[in-house]
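The values are calculated or read from the model by the stated rules, or taken from the named source; none is laboratory data. Remember, it's a predicted structure, so these values are computed and weren't measured experimentally. When we count neighbours, we look across all protein chains shown, and the Cβ atoms used for this are built from the backbone with ideal geometry, even at glycine. All accessible areas refer to the heavy atoms of the entire protein, side chains included, with ligands and DNA or RNA removed. Shrake-Rupley method; radii C 1.70, N 1.55, O 1.52, S 1.80 Å.
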Amino acid sequence: MQTHKAKRVEIIIEAVMERRLTEVLTEAGVTGFTVLPVSGGSGRSGRWSRDGQVSRAGGMVAVVCLIRPERVEPLLQAAFGVVERHIGVVSVTDCEVMRAERF
Amino acid sequence: MQTHKAKRVEIIIEAVMERRLTEVLTEAGVTGFTVLPVSGGSGRSGRWSRDGQVSRAGGMVAVVCLIRPERVEPLLQAAFGVVERHIGVVSVTDCEVMRAERF
Amino acid sequence: MQTHKAKRVEIIIEAVMERRLTEVLTEAGVTGFTVLPVSGGSGRSGRWSRDGQVSRAGGMVAVVCLIRPERVEPLLQAAFGVVERHIGVVSVTDCEVMRAERF
Amino acid sequence: MENILSLAGQNLISPIILSFALGLGAALARSDLTIPEAAAKAMSIYLLFAIGFKGGVSVSEHGVDLGLVTTMIAGVILSAAIPFAAFALLRVMTRMSVVDAAAVSAHYGSISIVTFVAGNSVLTSQGIGFEGYMVAVAAAMEAPAILSALWLVSRQGGGGRMDAHLWREILLNASIVLLIGSFLIGWATGPRGMAEIQAFIVAPFKGVLCLFLLDMGLVAGRGLRGSRGVLSAGALGFGVLMPVIGAALGLIAGMILGLSPGGTVLLMTMAASASYIAVPAAMRVALPEANPAIYLTLALGVTFPFNLTLGIPLYLAAATYLIGG
Amino acid sequence: MENILSLAGQNLISPIILSFALGLGAALARSDLTIPEAAAKAMSIYLLFAIGFKGGVSVSEHGVDLGLVTTMIAGVILSAAIPFAAFALLRVMTRMSVVDAAAVSAHYGSISIVTFVAGNSVLTSQGIGFEGYMVAVAAAMEAPAILSALWLVSRQGGGGRMDAHLWREILLNASIVLLIGSFLIGWATGPRGMAEIQAFIVAPFKGVLCLFLLDMGLVAGRGLRGSRGVLSAGALGFGVLMPVIGAALGLIAGMILGLSPGGTVLLMTMAASASYIAVPAAMRVALPEANPAIYLTLALGVTFPFNLTLGIPLYLAAATYLIGG
Amino acid sequence: MENILSLAGQNLISPIILSFALGLGAALARSDLTIPEAAAKAMSIYLLFAIGFKGGVSVSEHGVDLGLVTTMIAGVILSAAIPFAAFALLRVMTRMSVVDAAAVSAHYGSISIVTFVAGNSVLTSQGIGFEGYMVAVAAAMEAPAILSALWLVSRQGGGGRMDAHLWREILLNASIVLLIGSFLIGWATGPRGMAEIQAFIVAPFKGVLCLFLLDMGLVAGRGLRGSRGVLSAGALGFGVLMPVIGAALGLIAGMILGLSPGGTVLLMTMAASASYIAVPAAMRVALPEANPAIYLTLALGVTFPFNLTLGIPLYLAAATYLIGG
Ligand SMILES: Nc1ncnc2c1ncn2[C@@H]1O[C@H](COP(=O)(O)O)[C@@H](O)[C@H]1O
Ligand SMILES: Nc1ncnc2c1ncn2[C@@H]1O[C@H](COP(=O)(O)O)[C@@H](O)[C@H]1O
Ligand SMILES: Nc1ncnc2c1ncn2[C@@H]1O[C@H](COP(=O)(O)O)[C@@H](O)[C@H]1O
Ligand code: NA
Ligand code: NA
Ligand code: NA
């Protein structure tokens, strides 16, 4: 199978910031992303879990974005503008993708 | 800790195709995989979200598969047969695993 | 964007063991992790799915942990103590993170 | 005429329709109101179970005659035939590709169970009776349209995929199994079974339907917002014209079958309605090239509200006029 | 006095309060009992829809007068003013940062709809009537406090963020839309609409409330466990003192407005209550630097149980004493 | 004898059992019908809360005597003793490993709350009364069997793990907390509390039970399909024989305790039933080496349907015959 070098960016961010994040990603030229639900976690701001929660305040989501390597920089810059004052983490991994024309 | 080289294959595919994908994976010799729910996303075919959806039509899942490097090729070929006409993305990442005998 | 080398450890483990795992991770100096729900999978112990399940017995979770490279070893050792007798898989991937002071 | 208008007016201010409107408005205004997927699915399971069960109990009370069989056959024929009419109309009214037109056609041949339930509600609140087995007819009408649509595509050389998996998925899809299953349970346990569970499946039914329609409004509104420009004027026209054509075919069938006025209205309603649960899922598998934004927006965003607000009162008026009631 | 105590005692052994206590106890004892997020959200949607609808029907029955408008205006003013009192009190009683104090203030200016619902329950079980439009007042009181709090922060040079998104999120948040929407539906459909869905929204209401409070107890308990040491003695004192101050302001407003004793109790209850759904979400966006552990623990772990157990009977006694009942 | 058969027959065509059959059939036919996890959990919470509350109210009405204490002690003894009988039987009838046999034994010593609820339903529909505190006995019987099973394993040198976490998880597991908690709430609030929430917890109870059993049928069917060949003929025989032995032990205990016929039937039903919620979770922690496919298939796929269809009528017949009714 022919594969192509790409980056997998994973942004774990508060649910309330999801729409803002995906909007700046789209502006930064990201053509696709996938949002995974998150059920709990822990960090400097303590432990949390979605069990029984009604408010969107206490939850996070994981936004996964496969992207050509040369596009990572603008993506990170855009994401940083949103994430900066907020809790959450960003990681970038090397990966290979099929169907490179899609990224 | 002793670790071993492996590949992490992540296939984000329509929920209606999950059973077909996992069946061909199993035929291609994949011994294990994990399915993560996906709550939304965006791509060439537009934005989507699972909120309030009843039909399985509009959803996707992420299938994660840890596998020995030498088995990636048949896996990708098998996956491609299913993914080809459908929306969704496939990525492959280098990783290390514990308990190599399990893959 | 300034990024820093780190590791992404992903532990897929039975839901009943989640609390035990995160406690030993915290003891091993892990400062943050994120828990993703898992909806199904397959392995040596057969196929499973969360659909319609009431008991916690049949489910798993994915614990994702971004960590400085030098801290991976104690993390894996701690995780192994919990995972050892149980089903589930552990993978470690190289990645880059923003805001290194947080890991 | 005045009657229709008054019925339509009355219909329009029912909590059910206003709940749909609320959802639609909230989504179009981009409120963050959403109903969890699990809750929406649970409500749909409840509605299917309740409607099937009630139909079965009604059959056990009034006995079953040949009507069940002939009406089911007629339903299958309608479901299989309507896609051809829809396809032809789409090719005339729009510039949709063959694949898109076929996918849309499958939706209009099949039925929307919530539209059927809404039709039930209107009849019940008007005190109009109907054959209890209509719910079994509903189940029978879900699948045939899919096969017609795939045949239409393959005739044009496009490759609709049909494998063993898909056969099972279509014939044993969740709503068919629930409708037929609960219909049989209702039939077997009869009024005694009804007495045991009616506080659950009869009394709160309409209230659950309100919340379900709230959810459908939210989903429809998000869909409309996300697919601006996807539908041409021709397609929009189709979304309003096609249900009327379907209803007319249903009316003819109901008259030939000698159904009661209420039963005829339900057959019309089903023929007029467009699936948005089972068929979209089948289309994603069988015709992945078809654009979901087109068929979902048409079925859920155009035809469903049309039937809900104007369609059903219209079908009722037509059936009353032609069959008497 | 004896009356208050007996009412408080009676209140304390209602299934609703004991369900909250059960959840609290289970979470503190670290039981694995949890209610799925989707089920908790579904219950909250049900409660909002039902309470809004009932209010609307009541308005359609009793007609609407100027009271609706003046009380809504008074509610907006209360909601906007209370944060200033709360902020001043916090700066005196605690060492909270400006940002934390402002965030907490926003919660106390806004309202907790479940506390409002509990107030409703107590009034209904005591046979005390109230203005049906109070639920619209509840919706009006959700948002203004947020703006006051952000203004407080910006005045101190801290940067509360306010963008177009946030405006919409605050003004069209799920609970405002549901409350106002179902209020209007109830108003439009009136007693006829009520007859259609009352088996769903009236009869099972209290039972659903029990399970919802069980869930709130679980969430509050987990919150308390996770935030030991976050709240100083001063903050705890604030959590009990502030609702009483809020209620006093509500009482004055109710008397000026000439509300019925029941309506006054509801206004007091709302003024006394602290939001834990809409405001926390807005704070995460607008004041991410504020510590959620502080405001959530205060609102849900301290003030909510206080209002539920002692507050509401107290407010009822005060209103009855001063306005008569 | 004729009576048993007629009762069994009547039982078999109840909506509850047919719903289970529908789920089983749908899963075996590989329909895509599924009930969301959150909805299934919500239903189980509802059922536990309702059954506990009703038991508490019944105790508050009829007063409590020493019977509560002695029956709870008897329940604990039964739960602790049955695993030994089950273990011995398994070692004779099957070739299961020590660990698997012990894990299975734990399930049969503990109880299935849905089987208990089904027993309740049959008694109620037959107009047979029973001690309201049986639901507290149910809670008491959940855990002891687990300890017996772990002791059996450790005696054979296998390492069952028992840590502080696990103690809490077993003793404060969700169903024990909910049952005991709602039992106490029902007891404390009595008929007045019941009047407040009975439209929620009494009227719709059986209907919810139908949907819950539909879900259990789906899960059982998927389990049976996925574990073909896991169970030997001996194991299958055990799945039918063991409940009868358990019921016999329960019958003896009931007679010694002097329980009413209805109470005796419930004790028999609990002794006969096998846990499939709490114990499987405990086994995954304490005996991870045991094969879940074995114990889940036996408990949910064999013994549960046996008790539901034939077992309960049989136990009722036996108790009526021996104690009179
Ligand atoms: N090192 C990490 N690895 C994975 N997730 C993390 C990490 N640190 C923080 N998170 C996630 O981000 C959330 C907020 O983190 P914090 O800002 O540190 O409170 C946590 O609750 C986790 O869900
Ligand atoms: N670059 C990407 N990164 C992550 N997920 C993607 C990407 N592109 C597409 N997806 C996912 O695949 C779905 C279908 O994509 P598409 O076929 O482009 O419409 C999207 O809705 C996303 O969930
Ligand atoms: N190779 C793998 N890749 C991803 N997930 C796996 C893999 N093997 C096992 N799993 C997950 O771990 C669970 C238990 O695996 P096992 O212990 O092999 O039965 C499976 O059901 C999967 O969810
Ligand atoms: Na149709
Ligand atoms: Na307030
Ligand atoms: Na037992």
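What to note about this one:
- Elements of type helices (runs of 4 or more DSSP H) in the stretch E:55-166, at least 2 residues being hydroxyl-bearing (S, T, Y): E:66-93, E:98-109, E:113-125, E:144-155
- Some residue of the stretch F:39-48 being open to solvent by 10 Å² or more (accessible area, probe 1.4 Å), within 8 Å of another protein chain (Cβ to nearest Cβ), not aliphatic (A, V, I, L, M) and not in a helix (DSSP H, G or I): no
- So F:V76, is it over 30 Å from F:A106 (Cβ atoms), β-branched (V, I, T) and in contact (Cβ under 8 Å) with a residue 60 or more places away in the chain: no
- Some residue of the stretch D:77-92 being touching a Pro at 6+ places or on another chain (Cβ under 8 Å), at pLDDT 95 or above and within 22 Å of D:L300 (Cβ to Cβ): yes
- Residue match in the stretch D:260-275 (condition: open to solvent by 10 Å² or more (accessible area, probe 1.4 Å) and farther than 30 Å from D:L172 by Cβ): yes
- Looking across E:S175, E:S182, one residue alone is more than 30 Å from E:A29 (Cβ to Cβ), modelled with pLDDT under 95, part of a helix (DSSP H, G or I) and not aliphatic (A, V, I, L, M). It is E:S175.
- Contact map, the stretch E:314-325: first residue farther than 22 Å from E:V240 by Cβ, second residue open to solvent by less than 30 Å² (accessible area, probe 1.4 Å), Cβ cut-off under 7 Å, separation 6 or more or different chains; pairs are E:I323/E:T264.
- The condition of being of a type in the set (G, A, S), open to solvent by 20 Å² or more (accessible area, probe 1.4 Å) and under 21 Å from the mean Cα position of the chain (by Cα) holds for only one of F:G109, F:G129, that being F:G129.
- Filtered residue count, the stretch A:74-86, keeping only those that are facing chain E (nearest Cβ under 7 Å) and open to solvent by 20 Å² or more (accessible area, probe 1.4 Å): 1
- Exactly one residue out of D:L224, D:L213, D:L231, D:L178 is more than 8 Å from every other protein chain (Cβ to nearest Cβ), in contact (Cβ under 8 Å) with a residue 40 or more places away in the chain and crowded, with 24+ Cβ neighbours inside 10 Å: that is D:L213.
- Evaluated against (1) away from chain D (no Cβ under 14 Å); (2) buried (at least 24 other Cβ atoms within 10 Å of the Cβ), E:N11 falls short on exactly one condition, (2).
- Restricting attention to the stretch B:1-14, the residues that are within 19 Å of A:L66 (Cβ to Cβ), out of contact with any helix residue (DSSP H, G or I) (no Cβ under 8 Å at 6 or more places or on another chain) and within 10 Å of chain C (Cβ to nearest Cβ) add up to 1.
- Taking the criterion of being more than 7 Å from chain F (Cβ to nearest Cβ) and touching a residue at least 60 places away in the same chain (Cβ under 8 Å), the residues of the stretch C:18-59 that qualify are C:L21, C:T31, C:G32.
- C:E84 vs. criteria more than 16 Å from ligand 4 (Cβ to nearest atom), over 16 Å from the mean Cα position of the chain (by Cα) and among the acidic types (D, E): no
- For the stretch C:50-65, the condition holds for at least one residue, the condition being that it is more than 14 Å from ligand 1 (Cβ to nearest atom), among the polar types (S, T, N, Q) and open to solvent by less than 30 Å² (accessible area, probe 1.4 Å).
- Of all the listed residues (B:R47, B:R20, B:R71), the sole one being more than 23 Å from E:E37 (Cβ to Cβ) and open to solvent by 30 Å² or more (accessible area, probe 1.4 Å) is B:R71.
- Whenever a residue of the stretch F:185-203 is closer than 28 Å to D:A195 by Cβ and facing chain E (nearest Cβ under 7 Å), its partners that are aromatic (F, W, Y) and part of a helix (DSSP H, G or I), lying with C-beta atoms within less than 6 angstrom and at least six residues away or across chains, give the pairs F:I201/F:F53.
- Condition met for E:L28 (over 18 Å from E:L209 (Cβ atoms) and without any contact (Cβ under 8 Å) to a residue 40 or more places away in the chain): no
- Filter result (over 27 Å from F:V240 (Cβ atoms) and surrounded by fewer than 16 Cβ atoms within 10 Å (Cβ to Cβ)) within the stretch F:71-96: F:I73
- Being open to solvent by less than 60 Å² (accessible area, probe 1.4 Å), at pLDDT below 90 and away from ligand 1 (no atom under 16 Å from the Cβ) is a description that applies to F:G158.
- Hey, E:G217 of a type in the set (G, A, S), part of a helix (DSSP H, G or I), at pLDDT below 95 and farther than 20 Å from E:M134 by Cβ or not: no
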